[in-house]
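What follows draws every value from the coordinates through simple rules; no lab data is involved. Because the structure is a prediction, the values reported are computed rather than measured. Neighbour counts are summed over all protein chains in view; Cβ atoms, including those assigned to glycine, are modelled from backbone coordinates with ideal geometry.
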Amino acid sequence: MTLRTYIISRILLTIPMIFILLTTVFVVMRVLPGDPVLLHFEKSENLEAMNRLRVALGLDQPLWLQYVNYIFGLFRGDLGKSMQDFSPVAQQVFSAFPATLELAIYSMIIAGVLGVILGVVASKSYNKPKDHIIRVFGIVTYAIPVFFLGMLFQLGFGVGLHWLPVGNRFDMSLSPPAGLNIGNLHLATGLYTIDSILEGNMFKFVTSFKYLLLPSLTLGLVLCGVFIRLTRSNMFETLRLDFVTAAKARGLKDSTVTYGYALRNAFLPVLTMMGLQFAMLLGGAVLTETTFSWPGLGSYLIARINFRDYTAIQGTVVVFGILVSIVSLIVDILYAYLDPRIRL
Amino acid sequence: MVKNNKNQIKRSMLAMILPIRALAKRGLAGWLVLIGAAITAAIVIMTLFSPVIVPHDPTQINVRPPPGNPSPPSSQFPLGTDDVGRDMLSRVIAGGGVMLQVAIVSVLACVAIGVPLGLFSSHTGGLVDKFVSLIMDSIYAFPGLILAIAIALVLGRGVVNMALSITVVYIPSYFRVIRSQVLSIKELPYVEAANAAGARKRTVLLRYILPNVLPSIVVVATVNFADAILTAAGLTFIGMGVPPNVADWGWDLSNGQKLLASGSWWVITFSGIMIILLALGFSLMGEGLSELLNPRLEKEGE
């Protein structure tokens, strides 16, 4: 199979998966017992207001028509209107997205780097005390509720030491990083650390980094266990292969052999794991964002849950699902590109 | 002679129920199982006997006035009180009940649904298998907590509803492991021999294949226990779990978050540690069991 046919077949597989995902969300939110409008008003008896809301949101239509509207709306990038303020959900999700993306990127970097380094160290002292300690550390990080770790960091570095801010994304008294502005050219990613560099404002960069540090460290630490385990077992096997022995025999430095030769080969499954972990990452991000009042998709979701804003919740959940599908598609393609054996 | 024999039987029976010695001889993996089981058993026993051992009623407010301020640990309240004056020690002792119930119900439901589904799908093969697998993969790929939030939101609060939402999220984990195991076992010579000897399909599946899948089910269920506990804690933390009048560690964390700014560390710390210990107990057991029972599973990184 050539790379191109692999990519095409992988994309073709993603389409039904996204479709099933959309249907699942629809079934959960609309078909399961529990009328969204009734739940939204909780115990209110105002039938007229309820009916008005139903008509305004199209919830008075038969279920199959709602389903068709929902699917076709998604194709146009329409996630419906919020029950709370009647503004388009897609717009709100879009504005909350960069915050989540920035948190996700930095957490993944921390989890990946920490996990791979610890995994390599563990594999080199396989079944010795150092290895056991790292393994147990990996298991423990997996058992920590992410919000609890976040709160401990808040207590320690925020409330106790006053080193770092415990919530929000940026200093309220400052205007957020503007990105690149040259004449008519506006370039802003919505990622504050990058935008502040584009703006050329070092102070804003440091500020946004300070706000980012605790949330991403929290999420990164909780996720790193999987990478430790995978790197450890892969490296253990790779370090025993002939080409590593050959490299050692040629008198190459130990670190060159470990990182330049063995790790390179053991890294591919770790890359796939990063794709698989993306779903976990987003789930953890919801809790991390809530803990740190980080204004991303997760905080938006939880805030809307408190309002029982069903349309907004459905839209956000759908976006989370599509994000995961796209990331796993990209990772699979990347993997096939890097390792031709996959395409066989 | 006879007495000796009886003793031997007694000992071997005890070894079957409590294989502590055998496990201790199996190196790190055995110790992981033992330590994990000990932690879990301790917490389960503490929870079961909590009505008898709590020093105060864990839900009674104003054990110590004035309300509004959590009071720090003292000789009277070794772990302090929360903002409405509930004794934290009692809450730590009694707060695992809901989480354990949710985890047990959801793991049992997952096994009851995921295992037969995996057996059926992989054994039937063809389009049915493709279709079921596609659905399971789609759910598996979805961020678990977010799906659980959506389901819990629609179903409402309560132990059963929490368990249900967690069940839906984790069925695919069981399905995938069972399916891949059945597919590889199906090709083994002894199964082929049974087929060739004319055994019925059902007999082959239930009597020949299922027993070989059982160890993987045990491993997945143990690991899944930890997942279920953490998901339940997460649901409660964002206010979708139990009503506030029930003592629960997850609820204490969400309540304690509001009190962090005042430096009241004791409201969250002990309840949080209990959640870690409970999840850790199951994780350790799962890690050890997966190495002891099923070396193949370990390699796949599942």
³J(HN,Hα) across region B:206-215 via Karplus (A = 6.51, B = -1.76, C = 1.60, θ = phi - 60°), whole Hz, x for Gly/Pro?
7, 9, 9, 8, 3, x, 7, 8, 3, x
In square nanometres, what is the average projected area of the Cα convex hull of the protein assembly as shown?
39.4 nm²
For chain B, state the semi-axes of the equivalent ellipsoid (square roots of 5 times the eigenvalues of the alpha-carbon gyration tensor), sorted largest first and rounded to whole angstrom.
42, 27, 14
Near the amide H of B:T81, under 5 Å away, which other amide H atoms are found, from residues 5 or more places off or on another chain, if H is placed in the peptide plane?
B:S71, B:M88
Listed by chain and number, the residues whose amide H is under 5 Å from that of A:S293, excluding neighbours fewer than 5 places away on the same chain and using placed H, are A:N168
Got a sec to turn the phi values of region A:240-252 into Karplus ³J(HN,Hα) couplings, 6.51 cos²θ - 1.76 cosθ + 1.60 with θ = phi - 60°, whole Hz, x for Gly and Pro?
9, 7, 4, 5, 6, 4, 4, 5, 5, 5, 6, x, 6
So for chain B, averaging the separation of alpha carbon pairs under 8 Å that are six or more residues apart and normalising by length, what relative contact order in percent results?
25 percent
Please report, in Å, the Rg and the Dmax of region A:279-344, where both are computed over Cα atoms only.
15.9, 51
Using a 10 Å cut-off around each Cβ of peptide B:132-143, what is the average number of partner chain Cβ atoms that fall inside?
6
Restricting to Cα pairs under 8 Å and 6 or more apart, the percent relative contact order of chain A works out to 28 percent
If you average 1/r over all unlike Cα pairs in chain A and invert the result, what Kirkwood radius do you get in angstrom?
23.0 Å
Where does each of A:W163, A:W64, A:W294 land when they are ranked from fewest to most other beta-carbon atoms within 10 angstrom?
A:W64, A:W163, A:W294
Please order A:V226, B:V169, A:V68 by the number of other Cβ within 10 Å, starting at the fewest.
A:V68, A:V226, B:V169
Order A:318-324, A:111-117 from most to least packed using the mean count of other Cβ atoms within 10 Å.
A:318-324, A:111-117
Quick check: net charge around B:L235, other residues with Cβ under 15 Å of its Cβ, Lys/Arg +1 and Asp/Glu -1?
-2
Over region B:47-189, relative contact order from alpha-carbon pairs under 8 Å, at least 6 apart, %
23 percent
Using θ = phi - 60° and Karplus 6.51 cos²θ - 1.76 cosθ + 1.60, couplings along region B:142-150 (whole Hz; Gly, Pro as x):
6, x, x, 4, 5, 5, 4, 4, 4
Global size of region B:90-193 as Cα Rg and Dmax, reported in angstrom
16.8, 60
Which of A:K124/A:K253; A:K130/B:K25; A:K81/A:K210; A:K130/A:K248; A:K130/A:K253; A:K128/B:K25 exceed 26 Å between C-alpha atoms? The answer is A:K81/A:K210
In vacuo Debye sum over C-alpha of region A:165-290, base-10 log of normalised intensity I(q)/I(0) at q = 0.17, 0.19 Å⁻¹, listed in q order, is -0.92, -0.99
Quick one: plug the Kirkwood hydrodynamic radius of region A:133-226 (C-alpha pairs) into Stokes-Einstein at 20 °C, 1.002 mPa s, and report D in µm²/s.
143 µm²/s
Students often check this: by mean Cβ neighbours within 10 Å, which of A:272-282, A:194-204 ranks highest, and how do the rest follow?
A:272-282, A:194-204
Averaged across A:101-110, how many Cβ atoms of other chains sit within 10 Å of each residue's Cβ atom?
0
Using the alpha-carbon atoms, what tilt in degrees (0 to 90, nearest 10) does helix B:2-17 show relative to the longest principal axis of chain B?
70 degrees
Ranked list, fewest to most other Cβ atoms within 10 Å of each Cβ, for A:I105, B:I209:
A:I105, B:I209
If I stretch the segment between B:T124 and B:R202 completely, what's the gain in nm (0.36 nm per residue apart, minus their alpha carbon distance), one decimal?
27.0 nm
